[in-house]
Structure formats: structure tokens, C-alpha cells
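Visitor: Sharing a structure, written as C-alpha cells. Questions coming.
The values are calculated or read from the model by the stated rules, or taken from the named source; none is laboratory data. If you're wondering where the values come from, they're calculated on a predicted model, not measured in any experiment. Here Cβ is always computed from backbone atoms with ideal geometry, including for glycine, and neighbour counts include all displayed protein chains.
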């Protein structure tokens, strides 16, 4: 807006001109630069916590940083492939990971409160419209949580010392958004020349975090290495090659172990603190171990004698014992624990969405959609949290009771991809990822 020059001859004309200028000013367009970080002197709005939210205030959303969804959304507003949203929620903060930085974003004020970068040079950087291939950061449990994010980095060569590539695990205090510590992790020999490769924090207890590096699905060969990290002493407790961790449940880390010749795989469980072998499943082909809450794993594989035979089982992560065979049509599903007593699995067959819910201890089927006898269709599930299933159909956003599958009377207003008691991250009508405050 251009300034209005004051005139000593007519204060009234000057005042009217300023009012007219302000009234005609267009609303500013979205800019990439983040709002200024809070100075600590501002009075922040009070946020009410809902457990779980029944609805979200669609008029009070704030745009998430572009990094949170860069290159990950289709034109229709769905996540591409099996991409995970690279965000973790903690209270009213959203932590956004990229391959070269971690952003701390306040969903109340819409302010970027911190940008955490590795000490060494990141091997990859994210620019606008690039696909953000970073794994979501992990917030540790406990009274003083850390936000864990790993980076592939390179230390430049000096003199006769060659440049060195390694992983830098960054631990940021969730209360202050300041880095508590950084830990270098030596790359396994197979990873020094392998490309593409991915690294993620699979999960954590209050004592130990699990970091896994593995080859990308597009790689010509398969390899993985997993590290157990002591969060107190900040050192590596144990390392396992050929093991790709996928879940942390209690004091057990579970995942897939590949045989030395790469022929077979098996589901495995190891002690989280020591890395010692707790149990191992039978050798199979194309083993895929998925977390399904604190008391279940979903293991999908192919039979070694007949590749056409699909094997799908719910296992006890503590012992590896089979709780129940999973339905055959659950192949390719995503299973989410509701934070209480139910596992909700959802998938898409062609243009038909399907949802099944299981008891998280017995793996018995509780309900499923679609249900032709009740004339009910299945929603596209976007999130499951604390007893509630969020999603949408052609009729708009909706919420279901996770234990019964019943439609809940209050419409949430949006279909959040991530949700907690403060916030739901969902797409606006312009397909921009937006943080909407919980409102009821």
C-alpha cells in the first residue's frame, strides 16, 4: 500500500484518504517466508484440548509450511502411493521433517518457531515442488519428550582425510525447540555406495530409539541395517545388519530379517535394550511386518513352496505367536491403533474402499464396511485417534466410533490426515495442507 502524504491544509482530507486506501487494500497472498517467531512476550491464545475432537474449526485454520506436503499430493488431494505425511504432532506444535531440516511450527499462531539443521552438510536438499521423501519425525514418550529426526550428511575432506558420509541423529527438546544433542551413526558398508536409500526413526521408548536405514523400493538390491540408540547416554547400544525394524512395542522391536543370501525373510522380535533374539518366524517370501498397535503385528508374506499362496497373520509382538489369521482381502491395507482397544485396517480395491476393525488383543473382527445389508458404504479413512475414525465419502467428512463402526452424529468438518487433542491436519478447499483447531 502506498503511503498517503499529510497536508497541513486539510487534515480531514488526509484522514479520509487513508481510510479509503486501507479499505481498498487487497488481502495479502500467501508468501513462502514464515511469520516471525514468537519473542516470548506475546500472549498466546488458550487452546482447549478435546479427547478426541468431534469437530474442527474450519474458519480458523492456518496454512502448514509448504515442506509438509511438497510433491506428495495428487491433483484430487490424496497422498501419492504409500507416502507418509512427514509430520509429527505434539500438543499444538507440528514438526515437519525434510531431508535437510526439521521445522517446528506452532499451529496456534501459524509461526515457524525453529529450523533445525544438521551440523554437517546434508546430502540432499528440498526445494519447492520437490517430493519430500523424509520419514516423519518421532516424538519420544515421557514428561520431557524429544523430537528425533535423522539426516544423511557429509563431512568434507581435510588434507589427506577423505570426505565422510554418515547419519546424524538430531534430538530436539519439544518444550524449547532447541537441540539437546546430535549423534553421528556410521553407515554400514553396503550403504556407502547404495542409492537411493532411506533412513527413519521407527519408534522409541523413554530409554531407547530405533533407527533403520534401508534401500529404497526402486533399488536393484535389498539391504537394511538397524541401530538401537540409548537416549540417556547418547550412544549406540547395538546394530543389526539385514534387519529392517518396523515397530517398537513395549521393550520389543520387531521387523523383517533377510537371510544372508537374500533368499528368504522372516518376522523377528528383538529385545529393545540389548538387541538379543526373542523370537523368529518361519522363512517366507516377501515378508512385510506392519505395526498394529501395542499388542498386535500384521505379517503378510508369500509361501516358499507356492508363491501364489498369500500368508496373512496377526502376531503377538512379544512372543511371535499367531493370534489369528487375517482376512485374505486385507492385503495391502494400512492398520492404525485407535489409542484404546481397536485396530482399524483400511484399503482400496479398485475404486472401492474397505475398512475392518479388530480387537487389539484377540484380533477378532469387530465390524467391517461396506455392509450391504445395512446399506452402508466404507469411507476413505484418513486418520484414527483415541476411539475415533476420521475419513470421508462422497457425502463429505465424517467420523465413526472405532469400536462399533457407528456413524457419529457430529460432522468433523474436515477429514484430518493427522490429529491430536489440539489440531487436525487436513486439506483446505484449495488443497493446501492446513492445521485446523479442534473445536468440540
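Visitor: Are there any pairs, at least 6 apart or on different chains, whose C-beta atoms fall under 6 Å, with the first in segment 238-267 and at negative phi and touching a residue at least 60 places away in the same chain (Cβ under 8 Å) and the second part of a strand (DSSP E or B) and surrounded by fewer than 22 Cβ atoms within 10 Å (Cβ to Cβ), and if so, which?
Guide: Within 6 Å, the pairs are 247/291.
Visitor: Strands (runs of 3 or more DSSP E) wholly in segment 262-333 with at least 3 residues that are surrounded by fewer than 21 Cβ atoms within 10 Å (Cβ to Cβ) and more than 27 Å from the chain's Cα centre (by Cα) - which ones?
Guide: Here the list reads 277-280, 322-325.
Visitor: Given 107, 98, 140, which one is buried (at least 16 other Cβ atoms within 10 Å of the Cβ), within 30 Å of residue 393 (Cβ to Cβ) and modelled with pLDDT of 95 or more?
Guide: Of 107, 98, 140, the one residue that is buried (at least 16 other Cβ atoms within 10 Å of the Cβ), within 30 Å of residue 393 (Cβ to Cβ) and modelled with pLDDT of 95 or more is 107.
Visitor: While we're here: So in segment 63-88, with the set limited to residues that are surrounded by fewer than 21 Cβ atoms within 10 Å (Cβ to Cβ) and part of a strand (DSSP E or B), which one is nearest to the chain's Cα centre (by Cα)?
Guide: 79
Visitor: Then there is this: Suppose the filter is in contact with a strand residue (DSSP E or B) (Cβ under 8 Å, 6 or more places away or on another chain), surrounded by 16 or more Cβ atoms within 10 Å (Cβ to Cβ) and either assigned to a loop (DSSP other than H, G, I, E, B) or free of Cβ contacts under 8 Å to residues at least 12 places away in the same chain (or both); does residue 118 pass it?
Guide: Here the answer is yes, as residue 118 does meet what is asked.
Visitor: Name the residues in segment 143-171 that are touching a residue at least 24 places away in the same chain (Cβ under 8 Å), part of a loop (DSSP other than H, G, I, E, B) and more than 19 Å from the chain's Cα centre (by Cα), would you?
Guide: Residues satisfying the conditions are 144, 156.
Visitor: What are the residues in segment 89-107 that are part of a loop (DSSP other than H, G, I, E, B), farther than 22 Å from residue 143 by Cα and in contact (Cβ under 8 Å) with a residue 40 or more places away in the chain, if any?
Guide: Scanning segment 89-107 gives 99, 100.
Visitor: Given the criterion more than 22 Å from residue 95 (Cα to Cα) and buried (at least 18 other Cβ atoms within 10 Å of the Cβ), identify the matching residue among 191, 163.
Guide: 191
Visitor: Pick out the one residue from 403, 411 that is in contact (Cβ under 8 Å) with a residue 40 or more places away in the chain and either farther than 20 Å from residue 294 by Cβ or touching a helix residue (DSSP H, G or I) at 6+ places or on another chain (Cβ under 6 Å) (or both).
Guide: 411 is the lone residue from the list that is in contact (Cβ under 8 Å) with a residue 40 or more places away in the chain and either farther than 20 Å from residue 294 by Cβ or touching a helix residue (DSSP H, G or I) at 6+ places or on another chain (Cβ under 6 Å) (or both).
Visitor: Would you check if residue 53 is in contact with a strand residue (DSSP E or B) (Cβ under 6 Å, 6 or more places away or on another chain), modelled with pLDDT of 95 or more, surrounded by 15 or more Cβ atoms within 10 Å (Cβ to Cβ) and more than 23 Å from residue 103 (Cβ to Cβ)?
Guide: Judged against the criteria, residue 53 is a match.
Visitor: Identify all residues within segment 362-380 that are under 24 Å from the mean Cα position of the chain (by Cα) and modelled with pLDDT of 95 or more; write none if there are none.
Guide: Of everything in segment 362-380, those that are under 24 Å from the mean Cα position of the chain (by Cα) and modelled with pLDDT of 95 or more turn out to be 378, 379.
Visitor: In segment 346-359, which residue that is modelled with pLDDT of 95 or more and buried (at least 21 other Cβ atoms within 10 Å of the Cβ) is farthest from residue 393 (Cα to Cα)?
Guide: In this case the residue turns out to be 358.
Visitor: Continuing with this model, one more query. If residue 134 satisfies all but one of (1) in a loop (DSSP other than H, G, I, E, B); (2) surrounded by fewer than 20 Cβ atoms within 10 Å (Cβ to Cβ), what's the number of the condition it fails?
Guide: The number of the failed condition is (2).
Visitor: While we're here: Applying the selection to segment 388-409, what residues are part of a loop (DSSP other than H, G, I, E, B) and touching a strand residue (DSSP E or B) at 6+ places or on another chain (Cβ under 7 Å)?
Guide: Those that are part of a loop (DSSP other than H, G, I, E, B) and touching a strand residue (DSSP E or B) at 6+ places or on another chain (Cβ under 7 Å): 402, 403, 404, 405, 406, 408.
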